[in-house]
Amino acid sequence: MNSIIFGLSNSNNFEKNFAKEMKSDLGKFNSEQFPDGELHLKFDSKIKGKKVFLVQSLALNPNTALIELFFAARAAKDSGAKKVFGIIPYLAYMRQDKEFHAGEIVSAHHLASILNNSLDGIIAVDPHLHRIRKMNEVFFKGFYDISSVPAIAEFIAKKFNAENTVIVGPDWESFQWARHVANKINFKAIIFRKERFSARRVKVHYSKEIELKGKNVIIIDDMISTGHTMIEAVKELKKNNPKAIYAVCVHALLVENAEKKLKNAGIKEIYSCNTVPGKTNKIHLEKMVAEEAKKKFLKK
Ligand code: R5P
């Protein structure tokens, strides 16, 4: 076997099915912390001459996860890996893509520089590409993003019925998930407009009249962080007496007790892709990511 897959400490077990789909060996990687918080890392499988895949989600503890990925990538190269690729289901720091206030650091650019200098390529799932519109604006060639839309669409089509379900995008940026998922499976969709006043205060509006009485509503967004965007959408939606409201997202960061807050606000169930460790992950992406990785990184 000339490729080997390692799950780093935030891989969320993604590496296991990913390795099966890739028909690659699964290697052993050991990550511990010294009492002062520094990392102690070790490859316990041979990597010399192989294509090495490091699976790491940069979620929940993004700074530690990033430094671990960076060290592992550099060490793999030093140990004679033929190529080193990052499989990064959640790519952090991509929302900080502009100097919103004078002096603010545009972290997305520096994240790109760290990864460009340590990896030969990456696959990330739905990174937050907004003001940076395409990966190649900041990442090198060989750095790819893939969309979770087909997997989300398949999941929703199996669980819900187009006749009595409406998909909602809570803000304009969610269009690329909400509208595209809806189009793929012929569900109705509406996209709200959002005003953000701070990290924890948002307001959503919609202009079109919608008939939601007695229907299931699925709010789809790329990520749920504090949950405020979803909660504001729920407040608006409830005025229309839907049967039940569900939340679907790619990346369920669910910080600051967001899951409980969302349930209290009236969301019946949260379904997310398995890009961030967590128990709402019902949409599995290993197969889709492996197909892309085989095409992009194993053929040559
Ligand atoms: C924003 O642009 C994203 O698409 C999400 O809507 C946002 O990050 C969700 O954050 P929160 O859950 O904190 O409202």
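Could you work out the helix-only [θ] at 222 nm for the chain, with each DSSP H run of four or more residues adding -39,500 (n - 2.57) and the total divided by the number of residues, to the nearest 500 deg cm²/dmol?
Rounded to the nearest 500, the figure is -8500 deg cm²/dmol.
How far apart, in nm, are two points set 7 Å out from the Cα along the Cα-to-Cβ line at residue 33 and at residue 183?
That separation, rounded to one decimal, is 4.4 nm.
Where does the chain land on the Kirkwood hydrodynamic radius, alpha-carbon pairs, in angstrom?
When all Cα pairs of the chain are included, the Kirkwood radius is 20.1 Å.
With label points built 7 Å along Cα→Cβ from the Cα atoms of residue 98 and residue 74, find their separation and express it in nm.
Here the answer is 3.3 nm between the modelled labels.
Which GluC sites (Glu not before Pro) in the range 58-123 pass both tests, a DSSP loop state and at most 12 other beta-carbon atoms within 10 Å?
99, 104
Longer than 22 Å from Cα to Cα, which of 158/268; 243/287; 16/295; 23/295; 20/294 are they? Say none if no pair is.
243/287
In degrees between 0 and 90, to the nearest 10, how far off the longest principal axis of the chain does helix 62-78 point, with axes built from Cα atoms?
The two axes meet at around 30 degrees.
Return one number: the angle in degrees, 0 to 90 and rounded to the nearest 10, between the long axis of the Cα atoms of helix 107-116 and the longest principal axis of the Cα atoms of the chain.
So the helix axis and the longest Cα principal axis differ by about 30 degrees.
Using packing as a proxy for protection, rank 34-45, 171-182, 235-246, 17-28 so that the peptide with the highest average count of other Cβ atoms within 10 Å comes first.
171-182, 17-28, 235-246, 34-45
For a Förster distance of 30 Å, can you work out the FRET efficiency between the beta-carbons of residue 264 and residue 172, rounded to the nearest 0.05?
It comes out at approximately 0.65.
Multiply the residue separation of residue 61 and residue 25 by 0.36 nm, subtract the distance between their alpha-carbon atoms, and state the gained length in nm to one decimal.
Length gained, residue 61 through residue 25: 10.2 nm.
What angle, in degrees between 0 and 90 and rounded to the nearest 10, separates the Cα long axis of helix 149-159 from the longest principal axis of the Cα atoms of the chain?
Here the helix axis deviates by roughly 50 degrees.
Search the structure for amide H atoms under 5 Å from the amide H of residue 122, placed 1.01 Å from N in the peptide plane, and list their residues when 5 or more places away or on another chain.
86, 143, 144
Length gain on complete extension for the stretch residue 140 to residue 256, per 0.36 nm per residue less the alpha carbon to alpha carbon distance?
Value of the extension gain: 38.3 nm.
Each reported figure results from applying straightforward, stated rules to the coordinates on display, with no laboratory input. Everything numeric here is computed off the predicted structure, so don't read it as measured data. Neighbour counts are summed over all protein chains in view; Cβ atoms, including those assigned to glycine, are modelled from backbone coordinates with ideal geometry.
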